[in-house]
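Take a look at the structure below.
The values are calculated or read from the model by the stated rules, or taken from the named source; none is laboratory data. Everything numeric here is computed off the predicted structure, so don't read it as measured data. We place every Cβ from the backbone using ideal geometry, glycine too, and count neighbours over all the protein chains shown.
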Amino acid sequence: MKQALQLKVSQQLTLTPQLQQSIKLLQLSTLDLQAEVDRFLLDNPLLERGDEPHDGEAAPDGADHGAGETQDADGRDDGAGVGELLDWGAGGRQGGDDDYDPMLNVPSQPSLREHLLAQLGEIALSDRDRAVASLLIEELDDDGYLPLDLDELAGNLPLELQLDSDELAVGLKLLQQFDPAGVGARSLAESLQLQLLRRPADEPGRALALDIAREHLELLGARDYAKLKKLLGCHDAALRQAQALISRLNPYPASGYGHGDIHYVIPDIAVRKLRGRWVAELNRSAMPRLRVNRLYERLLADKRGAGELAGPLQEARWLVKNIQQRFDTILKVAEAIVERQQSFFEHGEVAMRPLILRDIADEIGLHESTVSRSTSQKYLLCPRGLFELKYFFGSSLETDGGGECSATAIKAHIRGMIDGEDSAKPLSDSAIADALARRGIQVARRTVAKYREAMQIPAVNLRKAL
């Protein structure tokens with residue numbers, strides 16, 4: 001054995017800090033990007049928002065555009081694109097406060113807990129009874145149910161409270177009289193019974209619906225009408241009446257009440273029709289307006305304080321550039337998607353074309369991973385609604401005519417057939433496959449079943465009605 005010097009040539013991919021930041025910013029959602037920008041503004045004294053005046057001077061209109069402040073060649077600001085989209089409906093707000101944003105002007109909803117505690121405060125109770133009811137309210141789940149058995153709940157409480165299941169049962173009886181009807185139930189059957197008991201005693205179908213909710217809810221869910229009629233001793237019309245009444249009840253008593261923080265989605269792209277073609281535009285209001293502080297730039301130019309500020313200055317310039325590059329990349333990907341999916345924006349899901357990441361990557365000269373980051377948690381607003389960019393990608397199946405049909409379009413065909421079916425004779429998966437074949441789309445029965453389950457549509461026997 002001996003020591004020796006050797007030369008070796010190898011290739012290694014090294015990500016510079018600037019490239020690492022660019023990748024990180026690209027994969028963030030718009031809301032996460034705003035939080036990241038706020039952090040940079042706190043940490044870096046050379047960064048400032050582009051809508052703030054410079055120290056000691058006022059920038060003229062249209063001057064010194066930072067990240068997110070670009071104009072068309074003709075000087076027209078494209079930021080109106082999303083605003084136009086938000087004024088489609090006749091009920092849209094016209095004029096008024098410039099700061100009004102119909103996407104964010106959502107009235108706050110009280111939580112179920114707040115709603116129940118407000119009712120509890122209107123009742124004259126002893127301090128102990130009020131504490132028991134408050135305890136039960138805190139134990140409700142997000143659907144308004146009490147998930148724990150009263151004996152189990154009593155066993156989990158500290159011994160010094162000296163609460164037993166009987167005292168909890170009294171408090172639960174009180175809670176179940178509150179609005180919304182069905183709250184505090186320990187099962188779906190109990191919730192439906194509580195709701196039925198609130199309805200007029202002489203309402204047609206109420207008595208039979210109560211019997212079903214108490215004893216035969218599983219049979220109703222399985223649509224076993226023959227066995228139900230035999231056990232209940234009723235005819236088709238009475239069972240149909242009871243079923244219709246139960247279907248109008250709410251299986252989730254807490255629906256309609258707030259559940260903590262509201263998470264908003266801000267569209268990155270707006271799509272509108274221009275001269276007969278659907279075009280993609282950036283949502284300028286979602287783009288952070290950043291720039292480097294001119295005062296610090298001048299200090300560095302004069303060689304004063306360069307040692308302390310050179311690093312932050314470079315970081316600030318990188319951030320402004322990377323944010324602009326992020327939105328440029330998203331727009332480039334969105335433009336390619338919109339161009340490929342013109343038929344969708346014109347006719348809806350049934351006209352969706354097959355599309356994979358590689359198609360877009362090859363067209364615009366980017367890597368597939370970059371396209372994937374550009375479409376994840378990025379949203380597009382169009383007259384048909386709000387969609388994640390990933391929604392426009394889907395696998396393909398060949399048609400009899402030699403063309404291709406996307407999985408999204410096939411799902412739309414399946415949903416349309418099921419929506420228009422005779423509820424007394426619903427379509428089986430095989431019947432749907434045959435109907436698709438007549439439309440030139442060859443799909444196996446198991447594929448229909450897979451797509452139907454993905455759309456959370458019940459099987460044929462569960463869709464059958466009297």
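Condition (residue is at pLDDT 85 or above, more than 30 Å from Leu462 (Cα to Cα) and buried (at least 16 other Cβ atoms within 10 Å of the Cβ)) applied to region 183-206: is it met by at least one residue? Scanning region 183-206, I find no residue that is at pLDDT 85 or above, more than 30 Å from Leu462 (Cα to Cα) and buried (at least 16 other Cβ atoms within 10 Å of the Cβ), so the answer is no.
Picking from residues in region 145-182 that are polar (S, T, N, Q) and at pLDDT below 90, the one that is farthest from Gly121 (Cα to Cα) is Asn156.
On the stretch given as region 126-150, residues that are surrounded by 13 or more Cβ atoms within 10 Å (Cβ to Cβ) and in contact (Cβ under 8 Å) with a residue 12 or more places away in the chain total 15. Checked against the criterion of being surrounded by fewer than 16 Cβ atoms within 10 Å (Cβ to Cβ) and either in contact (Cβ under 8 Å) with a residue 12 or more places away in the chain or of a type outside the set (Gly, Ala, Ser) (or both), the candidates Ala444, Ala424, Ala409, Ala449 yield just one match: Ala424. When the helices (runs of 4 or more DSSP H) confined to region 322-440 are screened for residues that are out of contact with any helix residue (DSSP H, G or I) (no Cβ under 9 Å at 6 or more places or on another chain), those reaching at least 2 such residues are found at 342-347, 429-438. Residues that are aliphatic (A, V, I, L, M) and not in a helix (DSSP H, G or I) were ranked within region 213-258; the one that is farthest from the chain's Cα centre (by Cα) is Ala222. Does region 103-144 hold any residues that are more than 30 Å from Leu386 (Cα to Cα), hydroxyl-bearing (Ser, Thr, Tyr) and either part of a helix (DSSP H, G or I) or modelled with pLDDT under 85 (or both), and which are they? Passing the criteria: only Ser134.
Condition test on Arg439, is it modelled with pLDDT of 90 or more and over 30 Å from Ala334 (Cα atoms)? No, not satisfied.
Would you say Leu13 is at pLDDT 75 or above and either surrounded by 10 or more Cβ atoms within 10 Å (Cβ to Cβ) or over 16 Å from Gln325 (Cα atoms) (or both)? So Leu13 does not fit the description; no. Among residues that are touching a Pro at 6+ places or on another chain (Cβ under 6 Å) and under 30 Å from Leu26 (Cβ atoms), Ser406 is included.
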